[in-house]
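Visitor: I have a structure I would like to understand better, so I am pasting it below and will then ask my questions one at a time.
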Amino acid sequence: MTSSKNSYDVVVVGGGHNGLVAASYLARAGVSVLLLERLPHTGGAAVSAQAFAGQPARLSRYSYLVSLLPEQLIADLGLDLRLVSRSVASYTPTLRGGRAGGLLVERPEGDRTKESFRELTGGDDEYAAWERFYGDVGALAEVVAPTLLQPLPLEREVRERVDPAVWRDFVLNPIGETIEERFTDDTVRGVVATDALIGTFASLRDRSLVQNRCFLYHLIGNGTGEWRVPVGGMGAVTDALARAASSAGAEILTSAGVSGIRAGAEGAEVTWHDESGSHTVAARRVLANVAPWVLRILLGEGEDPDTKPQGSQLKINLLLDRLPRLRSGVDPRVAFAGTLHLAEDYRQLEAAYADASAGRMPAELPGEIYCHSLTDRSILGDSPAETHTLTYFGVHTPAALFEADPDAAKQLAVSRALAALDEHLAEPIESCLARDADGRPCIEAKVPQDIERDLAMPGGHIFHGDLDWPWAPNRTRLETPAQQWGVQTGVDSVLMCGSGSRRGGAVSGLGGHSAAQAVLAER
Ligand SMILES: Cc1cc2nc3c(=O)[nH]c(=O)nc-3n(C[C@H](O)[C@H](O)[C@H](O)COP(=O)(O)OP(=O)(O)OC[C@H]3O[C@@H](n4cnc5c(N)ncnc54)[C@H](O)[C@@H]3O)c2cc1C
């Protein structure tokens, strides 16, 4: 199918959730928009899929929880979308002195949380440190969150509104140093630290502070940092956005892979291919929902292996006949309702990073698990009552580990991830797996190479590249609307519109919102 016109105000390259956000805002403002998506469906990494033949469950195949999508954006676009809270924030099973236990953090935190800290650490100091730490994080989030839908603030404008000690601990010093100063227990330190490593390959003490930026994004969503469950799965987020874009008048073409952008200062031509051949349209502005590294190829600059991002995560989707019992005796409906941390003690995180940096699969693979269906059973269709989904997100498995022998390395990574879970279970996870129509266990794993192949995220990097601070360095020139919104590319007619823009990253819609505002500000 080809486009209805030869020329548009805006062509959006890529139909990820950010591309849909941009298309929605622009079409609602009366801008003519064509969106081109290479896959047969929109959504990019924010989709649901029936991953196992013969099983009706529709799993959030890649991304699964939402925090950074602003309530204001949901209201602006009138999205029919429900995000619900989990009753448990996290559970971290432990084995100390041969005894199985665990650290429970409720949502909201109450007596059981305090008691759990006391049992694990032998006193109340660690929980008091935890409350102070997250109080400081909350104060920082309250300053940063309201700026996310505004033009970029300068660093000093944010800094002057934050307590200098908080700024030092979270923005200037490596987050690992702050965590080591403020906490003593290795498990507690690890639970705190993991937010710095989701989709980010770094030591917690890395001087680049890429881990601090990751940490900040994970804790500022809507000013609370709460990660909520999208009812209906991630596909429901994309479906709501696609409906908003179409009903506002945006034209959406799927199975339309863009192969080139010829860009000048005043406008651009975009060429794409579908089964009927090659097509070209003109646009005043092109919005790139693809990664910056992919955009450079589309602009004709060639592939530069030295600047290619490298993803580092292992995603495993599982469908279970029943939830497994835990050795600690905790109710699995409590343990799996929030984030269940595995091999994520602070020392284990740093050891895994050292292993992976040296080219070895981490001996103990850090990762976390969460069960969507304990909060929202709607994704299960007519599955039997005890059926549940589990999502595993592993860190410190960089793409380089899978290059020499991809199949063997993937098998090793999956077996280590499952071993880290089995260590805390009273029955092996394999015994709980559902079977697909061919009798195979319902488990699928995605290493960075799979993510790149499926989604065209270069190197399988889940944020299209390392995250930036959500403010501009003090001496940045913020003259054009594109610069003011952090979506400039070096070519005036092409703007970033995805995870790779300054405040993109995660299912936030911020990349799409910023791109749309920059286009509207130019009018
Ligand atoms: C395994 C995994 C787990 C994650 N978990 C979470 C989570 O729980 N919560 C969270 O907030 N974030 C999570 N993330 C990150 C988040 O999903 C991404 O940052 C976000 O989806 C990026 O959205 P986007 O619209 O910018 O880009 P994408 O989702 O990457 O969409 C870009 C689109 O462009 C298309 N495209 C690429 N090249 C072309 C071309 N040449 N022509 C046309 N179309 C093209 C792609 O097919 C894709 O549809 C996760 C990501 C992954 C991979």
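The values are calculated or read from the model by the stated rules, or taken from the named source; none is laboratory data. Because the structure is a prediction, the values reported are computed rather than measured. Counting neighbours? That spans all protein chains shown, and the Cβs are built from the backbone with ideal geometry, glycine included.
Visitor: Against the condition within 16 Å of the ligand (Cβ to nearest atom), of a type in the set (D, E, K, R) and closer than 30 Å to residue 89 by Cβ, how does residue 315 come out, does it pass?
Guide: For residue 315, the condition - within 16 Å of the ligand (Cβ to nearest atom), of a type in the set (D, E, K, R) and closer than 30 Å to residue 89 by Cβ - is met.
Visitor: Can you find even one residue in the stretch 427-444 that is under 15 Å from the mean Cα position of the chain (by Cα), within 16 Å of the ligand (Cβ to nearest atom) and touching a residue at least 12 places away in the same chain (Cβ under 8 Å)?
Guide: no
Visitor: Out of all the residues in the stretch 424-461, which are under 26 Å from residue 93 (Cβ atoms) and part of a helix (DSSP H, G or I)?
Guide: 429, 430, 431, 432
Visitor: While we're here: Could you tell me whether residue 505 is in a loop (DSSP other than H, G, I, E, B), at pLDDT below 95, within 15 Å of the ligand (Cβ to nearest atom) and at positive phi?
Guide: Here the answer is yes, as residue 505 does meet what is asked.
Visitor: Now, a different point. So, residue 421, is that one crowded, with 19+ Cβ neighbours inside 10 Å and out of contact with any His (no Cβ under 8 Å at 6 or more places or on another chain) or not?
Guide: For residue 421, the condition - crowded, with 19+ Cβ neighbours inside 10 Å and out of contact with any His (no Cβ under 8 Å at 6 or more places or on another chain) - is met.
Visitor: I would also like to ask the following. I'm trying to understand the selection: among the residues of the stretch 176-209, which are part of a helix (DSSP H, G or I), among the hydrophobic types (A, V, I, L, M, F, W, C) and under 21 Å from residue 118 (Cβ atoms)?
Guide: Those that are part of a helix (DSSP H, G or I), among the hydrophobic types (A, V, I, L, M, F, W, C) and under 21 Å from residue 118 (Cβ atoms): 179, 188, 191, 192.
Visitor: Further question: Here are 335, 248, 283: which of them is touching a residue at least 12 places away in the same chain (Cβ under 8 Å) and touching a helix residue (DSSP H, G or I) at 6+ places or on another chain (Cβ under 8 Å)?
Guide: 248
Visitor: Sort through 252, 261, 220 and tell me the only one that's of a type in the set (A, V, I, L, M), in a strand (DSSP E or B) and out of contact with any Ser or Thr (no Cβ under 7 Å at 6 or more places or on another chain).
Guide: Just a single option satisfies the conditions, and that option is 261.
Here is a yes/no grid of residues against (1) under 16 Å from residue 456 (Cβ atoms); (2) touching a Lys or Arg at 6+ places or on another chain (Cβ under 8 Å); (3) buried (at least 17 other Cβ atoms within 10 Å of the Cβ):
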position	(1), (2), (3)
242	no, no, yes
256	yes, yes, yes
278	no, no, no
281	no, yes, yes
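Visitor: Within 16 Å of the ligand (Cβ to nearest atom), among the charged types (D, E, K, R) and at pLDDT 95 or above: which single residue out of 61, 112, 132, 118 fits that description?
Guide: Only one candidate qualifies: 61.
Visitor: Further question: Could you please give the count of residues in the stretch 295-335 that are among the small types (Gly, Ala, Ser) and either crowded, with 18+ Cβ neighbours inside 10 Å or in a helix (DSSP H, G or I) (or both)?
Guide: Count: 4.
Visitor: Can you tell me how many residues in the stretch 245-303 are among the β-branched types (Val, Ile, Thr) and within 11 Å of the ligand (Cβ to nearest atom)?
Guide: 8
Visitor: Please find, among 513, 464, the residue that is under 19 Å from residue 15 (Cβ atoms), part of a loop (DSSP other than H, G, I, E, B) and within 16 Å of the ligand (Cβ to nearest atom).
Guide: 464
Visitor: Sticking with this one: Could you list, ordered by first residue, the pairs with Cβ atoms under 6 Å in which the first is in the stretch 62-78 and within 30 Å of residue 51 (Cα to Cα) and assigned to a strand (DSSP E or B) and the second is near the ligand (Cβ under 8 Å from one of its atoms) and aliphatic (A, V, I, L, M), at least 6 apart or interchain?
Guide: 66/507
Visitor: Also, quick follow-up: Report, by residue number, each residue of the stretch 184-216 that is in contact (Cβ under 8 Å) with a residue 60 or more places away in the chain and of a type in the set (A, V, I, L, M, F, W, C).
Guide: Answer for the stretch 184-216, where residues must be in contact (Cβ under 8 Å) with a residue 60 or more places away in the chain and of a type in the set (A, V, I, L, M, F, W, C): 188, 191, 192, 193, 197, 198, 201, 202, 204, 210, 214, 216.
Visitor: Right, next: Name the residues in the stretch 24-51 that are of a type outside the set (A, V, I, L, M), more than 9 Å from the ligand (Cβ to nearest atom) and either outside any loop (DSSP other than H, G, I, E, B) or surrounded by 23 or more Cβ atoms within 10 Å (Cβ to Cβ) (or both), would you?
Guide: The answer is 24, 25, 28, 48.
Visitor: Being of a type outside the set (S, T, N, Q), within 21 Å of residue 343 (Cα to Cα) and in contact with a strand residue (DSSP E or B) (Cβ under 6 Å, 6 or more places away or on another chain) is the filter here; which residues of the stretch 107-143 pass it?
Guide: Residue satisfying the conditions is 120 alone.
Visitor: For the stretch 407-423, give me each residue that is in contact (Cβ under 8 Å) with a residue 24 or more places away in the chain, assigned to a helix (DSSP H, G or I) and of a type outside the set (A, V, I, L, M, F, W, C).
Guide: 410, 416
Visitor: Now for a different question. Counting only residues that are free of Cβ contacts under 8 Å to residues at least 12 places away in the same chain and assigned to a loop (DSSP other than H, G, I, E, B), which one in the stretch 140-172 is farthest from residue 484 (Cα to Cα)?
Guide: 160
Visitor: What is the residue count in the stretch 253-284 for residues that are under 24 Å from residue 29 (Cβ atoms) and under 24 Å from the mean Cα position of the chain (by Cα)?
Guide: 1
Visitor: Please go through the stretch 106-119 and pick out each residue that is surrounded by fewer than 20 Cβ atoms within 10 Å (Cβ to Cβ) and either under 21 Å from residue 423 (Cα atoms) or among the basic types (Lys, Arg) (or both).
Guide: Result: 107, 112, 114, 118, 119.
Visitor: Right, here's the next one. Of everything in the stretch 307-341, what is within 22 Å of residue 229 (Cα to Cα) and of a type in the set (A, V, I, L, M)? Give them in sequence order.
Guide: Scanning the stretch 307-341 gives 314, 316, 318, 319, 320, 323, 334, 335, 337, 340.
Visitor: Among the residues of the stretch 515-523, is any surrounded by fewer than 21 Cβ atoms within 10 Å (Cβ to Cβ), among the charged types (D, E, K, R) and without any contact (Cβ under 8 Å) to a residue 12 or more places away in the chain?
Guide: The answer is yes; a qualifying residue exists.
Visitor: Can you tell me how many residues in the stretch 374-406 are small (Gly, Ala, Ser) and free of Cβ contacts under 8 Å to residues at least 40 places away in the same chain?
Guide: 2
Visitor: Continuing with this model, one more query. Check 283, 265 and return the single one that is modelled with pLDDT under 95 and farther than 30 Å from residue 365 by Cα.
Guide: It is 265.
Visitor: Within the stretch 9-19, does at least one residue satisfy the condition of being over 22 Å from residue 73 (Cβ atoms) and in a loop (DSSP other than H, G, I, E, B)?
Guide: No, every residue in the stretch 9-19 fails to be over 22 Å from residue 73 (Cβ atoms) and in a loop (DSSP other than H, G, I, E, B).
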